[in-house]
């Protein structure tokens, strides 16, 4: 059910500088209900083409489960720096561990990002077992939430397959957990006079892979860029998950689904910001070639093949300041 939408204008609805992104309800979803999947696919297809962003709800993760992982995140980031550094980042090869404020720079033209993060993976079993986890309870809670996100992702993948006229399990089959990660993020409140010129909480960037699930608190600060280069706030919405498509999905869909630039403002309002991201990327050996359903006379193939692993390693290596010092 791919439609030729690539000539449409960006029709973001605005209220001031705020942007409305569609909210899509999965409450009626069942794996074997084709009519429900088709209805959801139509909404998602439109949202990801026009915005590259959407919000979803009722996809199988409760508000209590989200609150629990946020509590785990807040407790970790409240630890002394030396204790957090026991779980230090292992480098782009593994993409695993804690990074302090300004260690990462998602926009290399700007100063380091005013955030601290811990990236967690549960697929590299030997590496995960040897990683110095903050605690056994932390690992258990994070792995439980990771599995919830994975289950939700598989529901989303089935609908995306329907939207792109693909077999039901097309995207699921290329995800072996190898390149899927859960990331906890903390944007500390900072005084305006301590922020360097053009420094951001999270520099402007597009995500690297297929899709990202983003859970955020009510602090605000997320902005997305429209096709005219203007930035707009994405206001937090209770009990929803923000979904955005990444570069590999834009490539796979021949530009039909947009990988939208986004950033986070510095937290200069005396309130910390916490968010949790679940990054969904194909297995490294997956060759990303334009999907036949996304090629037409009006939208000829614009991308050559690349493996997911090559793409992800290039992007990760360019992002982390610690690799260049």
Among 178, 81, 65, which one moves the most in a GNM of the chain with springs linking Cα atoms closer than 10 Å? 81
Spacing of the two label points (7 Å from each Cα toward its C-beta) at residue 129 and residue 272, in nm: 3.4 nm
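Express as a percent, rounded to the nearest 5, the fraction of DSSP beta bridges in the stretch 13-324 (both residues included) that run antiparallel.
On the way: 43 of 48 bridges.
Restricted to the stretch 13-324, the bridges split so that about 90 percent are antiparallel.
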Output the 0 to 90 degree angle, nearest 10, between the alpha-carbon long axis of helix 136-163 and the longest principal axis computed from the alpha carbons of the chain. 20 degrees
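So for the stretch 67-193: antiparallel DSSP bridges make up what percent, rounded to the nearest 5? Walk me through the numbers on the way to the answer.
Numbers: 8 of 9 bridges.
For the stretch 67-193, the DSSP antiparallel bridge percentage is about 90.
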How many Å³ per residue does the convex hull of the Cα positions in the stretch 262-307 occupy? 153 Å³
From the C-alpha gyration tensor of the stretch 211-325, square roots of 5λ in Å: 29, 19, 14
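Peptides 24-31, 104-111: what's the order by average Cβ count within 10 Å, highest mean first?
Working: 24-31: 14.1, 104-111: 16.8.
Per-residue Cβ counts within 10 Å, averaged per peptide and sorted highest first, yield 104-111, 24-31.
For a quick protection proxy, order the peptides 198-211, 66-79 by their average other-Cβ count within 10 Å, most packed first. Don't skip to the end; give the middle numbers.
Numbers: 198-211: 21.1, 66-79: 16.5.
Result, highest mean Cβ count within 10 Å first: 198-211, 66-79.
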Between residue 109 and residue 25, what is 0.36 nm times their sequence separation minus the Cα-Cα distance? Round to one decimal in nm. 26.4 nm
Between 196, 54, 249, where does the largest GNM mean-square fluctuation fall for the chain, given springs only between Cα atoms within less than 10 Å? 196
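Show me the ranking of peptides 235-248, 152-165 by mean Cβ neighbours inside 10 Å, starting with the highest.
Result, highest mean first: 152-165, 235-248.
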Suppose R0 equals 22 Å. What FRET efficiency, 1/(1 + (r/R0)^6) with r the Cβ-Cβ distance, do residue 74 and residue 102 give to the nearest 0.05? 0.60
Any idea how far the Cα center of the stretch 151-181 sits from the one of the stretch 73-128, in Å? 27 Å
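Go ahead and run the numbers for FRET between residue 81 and residue 228, Cβ-Cβ distance against an R0 of 41 Å, rounding to 0.05.
0.50
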Distance in nm between label sites at residue 165 and residue 303, each 7 Å beyond Cα in the beta-carbon direction? 1.8 nm
Where does helix 308-319 land angle-wise versus the long Cα axis of the chain, in degrees 0 to 90, nearest 10? 40 degrees
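When the convex hull of the C-alpha atoms of the chain is computed, what volume per residue in Å³ does it have?
Numbers: hull volume 44.6 nm³, N = 325.
Measuring per residue, one finds 137 Å³ for the Cα hull of the chain.
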How tilted is helix 34-50 with respect to the longest principal axis of the chain? Cα atoms for both, answer in degrees (0 to 90, nearest 10). 70 degrees
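What FRET efficiency, computed as 1/(1 + (r/R0)^6) with R0 = 45 Å and r the Cβ-Cβ distance, is obtained for residue 136 and residue 317, rounded to the nearest 0.05? Could you put the intermediate results ahead of the total?
Numbers: r = 32 Å, r/R0 = 0.71.
Computed FRET efficiency for residue 136 and residue 317: 0.90.
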Stretchable slack from residue 88 to residue 32, in nm (0.36 nm times residue separation minus alpha-carbon distance): 15.8 nm
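When a/c reaches 1.5 or more, the comparison of a/b and b/c decides; with that in mind, is the stretch 126-212 rounded, prolate or oblate per its Cα gyration tensor? Walk me through the numbers before you get to the answer.
Numbers: a/c = 2.82, a/b = 1.40, b/c = 2.01.
Because a/c hits 1.5 or more and a/b fails to exceed b/c, the stretch 126-212 counts as oblate.
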Contact order relative to length of the stretch 13-324, as percent, for alpha carbon pairs under 8 angstrom and 6 or more apart: 23 percent
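Laboratory data are not the source of any read-out in this text; all were calculated from the coordinates shown. Treat the numbers as computed from the prediction; the structure is a model and nothing was measured. Heads up, the Cβs are rebuilt from the backbone with ideal geometry, glycines too, and the neighbour counts pull from every protein chain shown.
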